[in-house]
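Before we start, here is the structure in question, set down as structure tokens.
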Amino acid sequence: MKHTSLLLAFLSAFALALPVSAERPKDNPYEKYLIFWGYPDNYLDNQTRMAFQEIDRTLRAYPPKNKDCQARRMALTALDLLLHDTRNDKTPAFYDFINARMANMLADMQKGCKKGVKIYKLYNDGFIIQSPKTTVAIDLVPGGPETHPFISDSLIYAIAGQCDAMFISHAHGDHANLRIAKTFAARGKRVIVPKGLWTGIDPNIEQLLVADTAVVVPFDELNLKLTILPGHQDDMYNNIYLMTFANGITVAHTGDQYNEEDLAWIDRVHDTHRVDVLLLNCWVNAMPRTIAGFAPKQLITGHENEMEHSIDHREAYWMTMEKTRRMGIGNVLMSWGECFHYTPPKTK
Ligand SMILES: [Zn+2]
Ligand SMILES: [Zn+2]
């Protein structure tokens, strides 16, 4: 009781000391005491920053697993709330959050991968797959405006430096970034792009799929077999990459696959390919049918919370959770900078 009345007296003294609104300073002079009276925007800024930090801590404490975790569901739903409130778009708290997560990811990548594959989720639909011998990036983009990208130049180039090659699914700017492609090419690393993209820029930037039939590329220098399937987002070429690493694990990435006619051959992918992990855009058309076509041992969705879309098409984490729950399909749902270490299930 005594403590409560002392606190009230203390806070009242501050309230009396606050200047009247006409003379109120622009910035809240009492922010450091966590008093926000008269400064609702300043209150919200602090709340957002605190919430981002708590989400980051929770996600680190409960890393991605292929089973349900209530703490992760809560953290990802809280993140949806922040990322669908446009007052938080492009704020310092947002930039700090995504860059802290990417710096954490870079530190983990530098430890390497001893068995299986480590699958890192980047911004939007970008992924990095690290195997014991080879590391590849797919649709690696910094996000945000060119003048102030979400992921800083120094971080994105350090991340790119850990990779041996990059594969681009299609020409949209949330998947294809020429500045990053040129960085790979300049270091002698191959960049595989869809038909018609970045023609004649650098010999290391190549369009391997030129007809509408699948191609298989033995990437001997990368200890990798790459199969490219001729997908589409509406009428746009959208390469679907199947990467088979030296340890026999195959990971498929669908880019922005969204096309009714392609479903006829997607239905049959599992006849000729044994897919361990399917990296699937979370808003693909015919989601259950597409998953059945690839028949992966593990699903990992991507493309949630694309911040350049309006909030109705940012595709919240909770929506993916609800879609996969309704389908009864297990999914490893990750946020930016998280890692799932996949090792094939033991055969009896
Ligand atoms: Zn697209
Ligand atoms: Zn996209």
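Counting only DSSP beta bridges with both residues in region 205-348, tell me the antiparallel percent, nearest 5.
Bridges in region 205-348 that DSSP calls antiparallel: roughly 65 percent.
Would you work out which of Leu155, Asn42, Pro92 lies farthest towards the positive end of the dipole of the chain? Charges go on Cβ: Lys and Arg +1, Asp and Glu -1.
Comparing the listed Cα positions along the dipole, Leu155 ranks first.
Something else now. Taking the Cα atoms only, what angle lies between the long axis of helix 2-17 and the longest principal axis of the chain, rounded to 10 degrees?
90
Could you grab the relative contact order for the chain? Cα pairs under 8 Å, six or more apart, rounded to a whole percent.
Rounded, it is 16 percent for the chain.
Report, to the nearest whole %, how much of the accessible area of region 51-342 belongs to carbon and sulfur atoms, 1.4 Å probe, protein only.
53
Could the peptides 83-96, 192-205, 222-235 be put in order, highest first, of the mean number of other beta-carbon atoms found within 10 Å of their residues? Could you put the intermediate results ahead of the total?
Numbers: 83-96: 14.9, 192-205: 16.5, 222-235: 18.6.
Most protected by this proxy first, the peptides run 222-235, 192-205, 83-96.
A follow-up question, please. In µm²/s, what is D for the chain at 4 °C and 1.567 mPa s, where D = kT/(6 pi eta Rh) by Stokes-Einstein and Rh is the Kirkwood radius from Cα pairs?
Reported coefficient: 59 µm²/s.
Out of Cys113, Ser310, Ala286, whose Cα points farthest toward the positive end of the dipole of region 51-342 (charges: +1 Lys, Arg; -1 Asp, Glu; placed on Cβ)?
The one lying farthest along the dipole's positive direction is Cys113.
Shifting gears a bit: Which of the lysines could a cross-linker bridge to Lys114, judged by Cα under 24 Å and excluding same-chain residues fewer than eight apart?
Candidates past the 8-residue exclusion: Lys65, Lys67, Lys133, Lys189, Lys225, Lys297, Lys346, Lys348.
The values are calculated or read from the model by the stated rules, or taken from the named source; none is laboratory data. Predicted, not measured: the structure shown is a model, and the values here were computed from it. Heads up, the Cβs are rebuilt from the backbone with ideal geometry, glycines too, and the neighbour counts pull from every protein chain shown. With ligands, DNA and RNA removed, areas are computed over all heavy atoms of the protein, side chains included. Shrake-Rupley method; radii C 1.70, N 1.55, O 1.52, S 1.80 Å.
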